[in-house]
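Below is one structure, written out as structure tokens; the observations come after it.
The values are calculated or read from the model by the stated rules, or taken from the named source; none is laboratory data. From a predicted model like this one, the values you see are computed outputs, not experimental measurements. Please note: Cβ atoms are built from the backbone with ideal geometry, for glycine as well, and neighbour counts cover all protein chains shown. Only protein heavy atoms, including side chains, enter the accessible area calculation; ligands, DNA and RNA are left aside. Shrake-Rupley method; radii C 1.70, N 1.55, O 1.52, S 1.80 Å.
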Amino acid sequence: MKTYKYVACFVLAFSFFACEKSSEQVDEEIAVNVQADYTVFLENNNQLNGVVVASANDEFAVKSTVSSFANIPSNALKYRTTTDIGYYSTTNCQATFQWFNSEDSSSESVALFSDLDVCSISVLAMAYSSELVAVAYERELLGKDKQFVIRINSLNKVADGPAEISLDKKPIDIVVSSNRLFVLTLNEFVSDEFHLSVIDLDDNEVLMELDLGLDAQRLFTNNAGKVIISYPELHTILDPLTLEKSYTTYGENTEPGFVTTQDFFLDGAGKFYFQKNIPNAEIEEVPAIYDFEKNSTVVYLFENFLTETELNMKYSIVQTTSIAYDEQNNYVLIGYQKKGQVDKGGILRITPAPDFKLIDNIDLEGVPKTIFVK
């Protein structure tokens, strides 16, 4: 079988697409030099389950299941870092938080809101660290405005009970960094402006509130623990301790678009791997990589490293659902869903730009939603 070399072309100011197919043919045979294990969380039958996928001796196959971390509702709230993932979910008005560490394959769970009727509140966002889990929720109070609360639960089993912090604006997103909680809030009743509440986790008090203006949409943290405040047309990087800010504005039609991603991955160099939405394209959710230092995006259009037959028949890809990077082998891992098959998917491994070479593929009983490289 043959694949083709591709060349990345420069589009506008700082956006790159794999866009030109050459006629030069190259062999697909590429040696896998380092054995790699990937922990993959799959959605199947409205549940999330973990499997370990291994590559060795030219095989790319499911090695085992993550039996201690299974049967999570697919609509659970997710919070992930490069090495960890946690899910908040409810069943029969009982709330549970489960988390998994990909480095040592450990997982645990804890019950939350044992003192409240979970069905009487609406959980809006969640974040956690090795010490705590923070859950933002709202509830209706008879004859009063909605109440917005951040509940902080220690993951230390001998610690005191949960602490609660009331906010006067609606929580949208949360991240944890440098023993502080950063909460993106919306003043939905007055100005539709966004704010950032900074909470000290030593005393569980709000240190300050920063005005963010309009259209702030997501919070992320980078490898240095800095907080990324994402807007459609720019992002702000905030030092979690000094609260100093730096701004990056995108050029016209060069917005990376990671505000809408459902999954992401940060490599050792701090590049951001995500799902980019391209409206009206044949496949609207495609893999992309954003370089914060260069303010540039590389978009991996499937038709530029797969033939039409591979794309539509062999792999039958309808959308990108997850992404990761294997630094030891220099492979981008692309999780995808198959066309017309809600619970079927797979993972492609390709070499990154400018090569865009297909290495191999594995079909999976489920749709990959998150991939960890061990």
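Things worth noting here:
- Pairs of Cα atoms in segment 184-293 fall into 10 Å distance bins, from 0 up to the last occupied one, in shares of 12, 41, 33, 12, 2, 0 percent.
- Isotropically averaged projected area of segment 285-332, using the convex hull of Cα atoms (one quarter of hull area), nm²: 4.2 nm²
- Ranked by how many other beta carbons lie within 10 Å on average, peptides 72-81, 243-252, 124-133 from highest: 124-133, 72-81, 243-252
- Taking the centroid of alpha carbons for each part, segment 312-361 and segment 195-267 are 29 Å apart.
- Highest average first, the peptides 301-307, 315-321 ordered by how many other beta carbon atoms sit within 10 Å of their residues are 315-321, 301-307.
- 12 Å beta-carbon shell around Asn49, net charge (K/R +1, D/E -1): -2
- Cα gyration tensor category, rounded, prolate or oblate, for segment 330-374 with a/c compared to 1.5: prolate
- Summed side-chain charge close to Gln337 - residues other than Gln337 whose Cβ falls under 14 Å, Lys, Arg +1, Asp, Glu -1: -3
- As a fraction of the 1.4 Å probe accessible area of segment 48-179, surface on carbon and sulfur atoms comes out at 44 percent.
- Summed side-chain charge close to Glu205 - residues other than Glu205 whose Cβ falls under 13 Å, Lys, Arg +1, Asp, Glu -1: -4
- Spin-label pair Asp215/Ala61, simplified geometry with 7 Å Cα→Cβ offset, distance in nm: 5.1 nm
- Segment 161-212: equivalent-ellipsoid semi-axes (sqrt of 5 x gyration tensor eigenvalues, Cα, Å): 20, 12, 9
- What the Cβ-Cβ distance of Asn44 and Glu164 gives, at R0 = 35 Å and to the nearest 0.05, is a FRET efficiency of 0.45.
- Semi-axis lengths, Å, segment 234-374, gyration tensor of Cα atoms, sqrt of 5 times eigenvalues: 28, 16, 14
- Entry comment: accessible area of the chain is 47 Å² per residue, from protein heavy atoms only and a probe of 1.4 Å.
- Mean Cβ count within 10 Å, highest first, over the residues of peptides 163-173, 34-44: 34-44, 163-173
- Taking 0.890 mPa s as the viscosity and 25 °C as the temperature, the Stokes-Einstein diffusion coefficient of the chain based on its alpha-carbon Kirkwood radius rounds to 112 µm²/s.
- Most mobile listed residue (Glu108, Glu293, Glu255) in the chain, GNM with C-alpha springs under 10 Å: Glu293
- Using only the C-alpha atoms, the convex hull of segment 63-196 corresponds to 135 Å³ per residue.
- The calculated pair-distance distribution of segment 240-300 uses every alpha carbon pair, bins of 5 angstrom beginning at 0, and gives 4, 16, 25, 24, 17, 8, 3, 2, 1 percent.
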